[in-house]
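Note sheet for the following structure.
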Amino acid sequence: MLYARYLRRVLGFVDKRLSNRADVEETTQEVFINVFSSLGSFRREAPFAAWVLGIARRTVASRFKKRRHPTVPLETDAHGELDAPGASTTAPIETSPEAQYELHERVRELEDLALRKLSAAQRETFSMHHLEHRTIAEIARDQGKSADAVKSNLYRARKLLFG
């Protein structure tokens, strides 16, 4: 009965995160195995559907945790801007579906966190600097603020987002 009731929701959830139909079906089955084996741990603190989808999210994520991808340390340039070493001379890196999924999940979590914790001004400054790759000087000019004020706003935004 649980399988019939939640199959479409779990299948849709998993399908949005995986590109291969066989992986979607296999992962969906794995989700239900995890649901059935964890029924005793359901504490009724949240709706049952949310609990099932939480298991689905962790099951999908666990498929990718086994494969760790190398990271590139970030360095700052002479102006204090974050930059990957050799970014201008490096060829684009091909990403796997797993890496794309992890990236999309991190972006989604960061967007939700930004909406909850940052003011509109902090979101704008953070977006201009980290998403549009604009310099502190450009942001200060466009916002009519000093470079120190922009840096302070960015510092506060990072502190709220990343602790």
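All of the numbers you see were taken from the coordinates with simple rules; none came from a lab. Keep in mind that what you see is a predicted model, and the values were worked out from it rather than measured. We place every Cβ from the backbone using ideal geometry, glycine too, and count neighbours over all the protein chains shown.
Could you order peptides 8-15, 102-109, 42-49, 130-137 by the average number of other Cβ atoms within 10 Å of their residues, highest first?
Per-residue Cβ counts within 10 Å, averaged per peptide and sorted highest first, yield 8-15, 130-137, 102-109, 42-49.
Which of 59, 35, 46 sits farthest toward the positive end of the charge dipole of the stretch 7-61, with +1 on the Cβ of Lys and Arg and -1 on the Cβ of Asp and Glu?
46
May I ask you to derive the FRET efficiency for residue 42 and residue 155 from their Cβ-Cβ distance with R0 = 41 Å, giving the value to the nearest 0.05?
With R0 = 41 Å, the Cβ-Cβ based efficiency is 0.45.
What number results when the radius of gyration of the stretch 2-65, computed over Cα atoms, is divided by 2.2 N^0.38 Å?
Normalised Cα radius of gyration, the stretch 2-65: 1.05.
Quote the charge dipole size of the stretch 14-56 about the Cα centre in Debye, to the nearest 20; the model charges only the Cβ of Lys and Arg (+1) and of Asp and Glu (-1).
So the magnitude is around 220 debye.
Considering the options 110, 126, 154, tell which one lies farthest towards the positive end of the dipole of the stretch 101-163, charges being +1 on Lys and Arg and -1 on Asp and Glu at the Cβ, about the Cα centre.
In the stretch 101-163, that residue is 154.
Could you give me D for the stretch 101-163, from Stokes-Einstein at 37 °C and 0.692 mPa s, where the hydrodynamic radius is the Kirkwood radius over C-alpha pairs? Units µm² s⁻¹, please.
Here the translational diffusion coefficient equals 273 µm²/s.
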